[in-house]
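Q: Here it is, the structure, as structure tokens.
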Amino acid sequence: MSKKKAFLLMSSLTLGVLAACGNNTDNTEGGDGSGDVTIQFMTSSVEQERLTVIEGMIDRFEEENDGITVETVPVEEGQYNTNVVTLAQAGELPAVIEVGQDFAKTMANEQLIDVEATTQLVEDIGPQSYYEGALNLLSSEDGEGYLGVPLSGWVQGIWYSQSKLEEAGIEEPANWEELLSAAEQLTDTANNQYGIALPTVEGPFSEQGFSQFALSNNANILDNEGNLDLDTSEMREALEMYQQLAEYTMPGSNDTTQVNDAFSNGSATMALYSTYILPGIYENGDPSDIGFIIPTEESEAVYGSVTALTISGGLEQAEKDAAEAFIAFMSEPENMTEWVLMSPGGAQPVSDEVTNSEEYQNNEVVQAFGELSTEIAGSFDAIQVFGLVEGQNFTHMGAITGSNAIGTLINQITVGDASIDDAINQAQSTIEDVMPK
């Protein structure tokens with residue numbers, strides 16, 4: 001069993017350096033002709049408990065693949081993107097990198113991913129092995145390839161207390177009108193009770209939350225040619241709805257902490273949040289009382305994120321072969337299950353083979369939520385995100401999200417006093433500055 005090296009990397013560079021970054025240099029070892037190769041695996045899991053699980057999987061991989069050594073490179077989430085920049089600039093990117101779909105787009109845009117290799121891995125494993133919505137998030141811009149191989153994910157929707165809705169005589173809301181009515185009926189500001197905890201912060205959480213309403217009304221940021229398509233009647237309807245719904249949330253700029261806390265402490269009956277609300281409910285609440293709904297108007301729209309493994313571009317053949325073998329190993333159902341269960345309830349399966357596995361179904365957190373766990377897993381196929389249009393996954397949507405134009409727009413019309421017209425105009429100006437020329 002080989003000894004691992006863990007490198008915690010630091011950086012102060014910004015994402016703008018990516019344009020100047022080159023490809024990898026040779027990181028292989030074994031220059032004595034032994035044929036041995038060492039690759040690095042960069043992960044955002046820095047907690048010792050998770051690293052122990054990951055190291056255990058790496059141990060098994062190395063036992064099955066003589067001559068390959070995998071070194072873990074744990075990097076704090078807040079430093080992750082800038083570390084990729086630093087390493088890319090130095091030509092020292094790890095062979096295998098854990099990514100979410102947004103950062104995968106940014107890396108692909110700068111040609112830092114071996115898309116041919118990751119696509120072939122997905123094809124070899126079988127696209128049918130994954131939930132379609134999860135795999136779509138990793139599709140290349142032309143829809144012909146994949147930017148990474150999915151391991152786990154999470155979805156976002158509206159969580160609610162079944163008992164409180166029942167006490168108020170409210171049925172589960174099925175559309176915008178019913179949701180707005182329920183939020184109004186459940187709000188009693190004099191007693192600090194709010195119908196729904198809603199993201200209003202000037203940041204990505206508000207973009208994610210609002211996107212579900214926009215996309216459920218067939219409004220996207222980009223059209224099917226990748227052009228800006230913000231100022232439409234469908235988008236304005238969604239903004240008006242979100243603005244009205246925000247009248248029944250807590251005052252101020254609500255980020256993840258405020259939304260999670262309000263739902264957990266009972267001051268909000270409903271909350272727009274990801275599945276990472278569930279571990280806290282398991283520990284301190286009543287899992288049997290939780291319901292889950294998806295914003296629906298013209299269609300259902302779930303916001304979701306996928307954690308994937310990708311392969312750096314420019315690797316020597318020995319490194320590339322080792323990276324492919326490692327990702328194929330990590331994609332085996334039992335290993336995907338172990339990865340998901342590092343954070344049960346929060347992390348969700350992206351494959352039926354995990355969802356239906358005995359190990360997953362027997363996990364005490366999963367069991368506590370009963371049929372809700374299966375319902376959540378099924379919602380991956382309702383995932384819609386800004387920039388994914390008719391099978392095309394436009395990579396410049398990453399730059400739009402990075403500009404914070406949509407998060408600022410939402411904050412301005414909910415917390416600020418800006419009109420929808422003025423907020424749209426400002427957002428358009430910001431987005432135009434980062435659109436491809």
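Results for (1) within 25 Å of SER299 (Cα to Cα); (2) of a type in the set (S, T, N, Q), shown as yes or no for each residue.
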residue	(1), (2)
GLU319	no, no
ALA323	no, no
PHE326	no, no
ASN335	no, yes
ALA377	yes, no
PHE380	yes, no
VAL385	yes, no
ASN393	yes, yes
SER403	no, yes
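Q: Among the residues of region 69-99, write down those that are open to solvent by 30 Å² or more (accessible area, probe 1.4 Å) and not polar (S, T, N, Q).
A: Within region 69-99, GLU76, GLU77, GLY78, ALA90, GLU92 qualify.
Q: Can you name the residue in region 121-165 that is free of Cβ contacts under 8 Å to residues at least 40 places away in the same chain and open to solvent by 50 Å² or more (accessible area, probe 1.4 Å) and, of all such residues, is farthest from GLN384 (Cα to Cα)?
A: Checking each candidate, the answer is GLU123.
Q: Working only within region 359-387, note down all residues that are open to solvent by 20 Å² or more (accessible area, probe 1.4 Å) and closer than 26 Å to GLU47 by Cα.
A: Passing the criteria: GLU359, GLN361, ASN362, ASN363, GLU364, GLN367, ALA368.
Q: Could you list all residues from region 272-297 that are part of a helix (DSSP H, G or I) and within 20 Å of PRO349 (Cα to Cα)?
A: THR275, TYR276, ILE277, LEU278, PRO279, GLY280, ILE281, TYR282, PRO287
Q: Looking at region 291-317 only, could you name the residues that are crowded, with 21+ Cβ neighbours inside 10 Å and among the hydrophobic types (A, V, I, L, M, F, W, C)?
A: Within region 291-317, ALA301, VAL302, VAL306, ALA308, LEU309, ILE311, LEU315 meet the criteria.
Q: If ASP231 satisfies every condition in (1) closer than 23 Å to TYR273 by Cβ; (2) in contact (Cβ under 8 Å) with a residue 60 or more places away in the chain; (3) of a type outside the set (A, V, I, L, M, F, W, C); (4) open to solvent by 60 Å² or more (accessible area, probe 1.4 Å) but one, which is the exception?
A: (1)
Q: Next up: Based on what the data block shows, is GLY314 in contact (Cβ under 8 Å) with a residue 40 or more places away in the chain, of a type outside the set (A, V, I, L, M, F, W, C), at positive phi and in contact with a helix residue (DSSP H, G or I) (Cβ under 7 Å, 6 or more places away or on another chain)?
A: Taking the combined requirement at face value, the residue does not satisfy it.
Q: In region 397-409, is there at least one residue being of a type in the set (S, T, N, Q) and open to solvent by less than 10 Å² (accessible area, probe 1.4 Å)?
A: Step one: list which residues in region 397-409 are of a type in the set (S, T, N, Q), which gives 401, 403-404, 408.
Checking which are open to solvent by less than 10 Å² (accessible area, probe 1.4 Å) leaves us with none.
The answer is no; no qualifying residue exists.
Q: Considering GLU240, GLU178, GLU247, which residue is out of contact with any helix residue (DSSP H, G or I) (no Cβ under 9 Å at 6 or more places or on another chain) and either open to solvent by 10 Å² or more (accessible area, probe 1.4 Å) or touching a residue at least 24 places away in the same chain (Cβ under 8 Å) (or both)?
A: Unique residue meeting the criteria: GLU178.
The values are calculated or read from the model by the stated rules, or taken from the named source; none is laboratory data. Keep in mind that what you see is a predicted model, and the values were worked out from it rather than measured. Neighbour counts run over all protein chains shown; Cβ positions are idealised from the backbone, glycine included. With ligands, DNA and RNA removed, areas are computed over all heavy atoms of the protein, side chains included. Shrake-Rupley method; radii C 1.70, N 1.55, O 1.52, S 1.80 Å.
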